[in-house]
1. Restricting to the stretch 40-57, what's the tally of residues that are hydrophobic (A, V, I, L, M, F, W, C) and open to solvent by 20 Å² or more (accessible area, probe 1.4 Å)?
2. Only one of these conditions is not met by ARG106: (1) more than 16 Å from VAL50 (Cβ to Cβ); (2) modelled with pLDDT of 95 or more. Which number is it?
3. Six or more apart or on different chains, Cβ under 8 Å: which pairs go from a residue in the stretch 80-94 that's more than 15 Å from GLU42 (Cβ to Cβ) and without any contact (Cβ under 8 Å) to a residue 40 or more places away in the chain to one that's assigned to a helix (DSSP H, G or I) and open to solvent by 20 Å² or more (accessible area, probe 1.4 Å)? Could you list them?
4. Report every pair of residues separated by at least 6 positions or lying on different chains whose Cβ atoms are under 6 Å apart, first residue within the stretch 97-117 and part of a loop (DSSP other than H, G, I, E, B), second among the acidic types (Asp, Glu) and open to solvent by 40 Å² or more (accessible area, probe 1.4 Å).
5. Out of all the residues in the stretch 19-41, is one or more at pLDDT below 95, assigned to a loop (DSSP other than H, G, I, E, B) and within 13 Å of the chain's Cα centre (by Cα)?
6. Can you pull out the residues in the stretch 73-118 that are open to solvent by 70 Å² or more (accessible area, probe 1.4 Å) and within 23 Å of ALA37 (Cβ to Cβ)?
Amino acid sequence: MMTKKAMLMAAGALALTGISASAWAQRDPAYAAARAAGQVGEQPDGYLGVVGAGSAELRALVNAINIQRKAAYTQKAQASGATVEQLAFTSGCNLIQQTAAGEKYRTPSGEWATRGAGAPTRDPRCV
């Protein structure tokens with residue numbers, strides 16, 4: 001379990017990365033389309049997930065994005081003293097919070113949900 005100090009360190013390091021859902025969408029229009037169609041969603045672990053089976057192309061796209069995310073988490077973890085897992089978790093909290101109405105995200109119970117007008121259901125450890 002992550003301590004509050006570790007989460008705050010990870011959050012600070014993550015803020016320095018500039019990682020946001022919109023940044024990923026700007027890099028690949030196929031990602032933006034899949035996100036808008038509810039075919040992909042943010043997960044509490046900081047990585048993108050495929051909602052349902054998904055096509056081979058969609059799974060490859062998600063894998064490529066997740067490789068980029070892990071590289072960013074790893075770089076920032078080395079610089080901040082946090083672990084990759086701490087940075088990924090904090091990112092997951094932030095990315096789920098940044099989802100827009102109609103976008104998919106995975107709840108702490110592991111189910112896919114569609115963001116409504118209110119706040120998404122996030123892990124209680126999210127700060």
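1. Step one: filter the stretch 40-57 for residues hydrophobic (A, V, I, L, M, F, W, C), giving 40, 48, 50-51, 53, 56.
Keeping just the survivors that are open to solvent by 20 Å² or more (accessible area, probe 1.4 Å) gives 50-51, 53, 56.
Total satisfying the criteria: 4.
2. (1)
3. VAL84/LYS70; VAL84/THR74
4. none
5. Yes, because at least one residue in the stretch 19-41 is at pLDDT below 95, assigned to a loop (DSSP other than H, G, I, E, B) and within 13 Å of the chain's Cα centre (by Cα).
6. First, the residues of the stretch 73-118 that are open to solvent by 70 Å² or more (accessible area, probe 1.4 Å): 75, 78-79, 85, 97-98, 101, 109, 111, 114, 117.
Passing the criteria: GLN97, GLN98, ALA101, GLU111, THR114, ALA117.
The values are calculated or read from the model by the stated rules, or taken from the named source; none is laboratory data. Quick caveat, the model's predicted, so the values are computed rather than measured. In this analysis, Cβ positions are derived from the backbone assuming ideal geometry, glycine residues included, and neighbour counts consider all displayed protein chains. The area values use the complete protein model at the heavy-atom level, side chains included, leaving out ligands, DNA and RNA. Shrake-Rupley method; radii C 1.70, N 1.55, O 1.52, S 1.80 Å.
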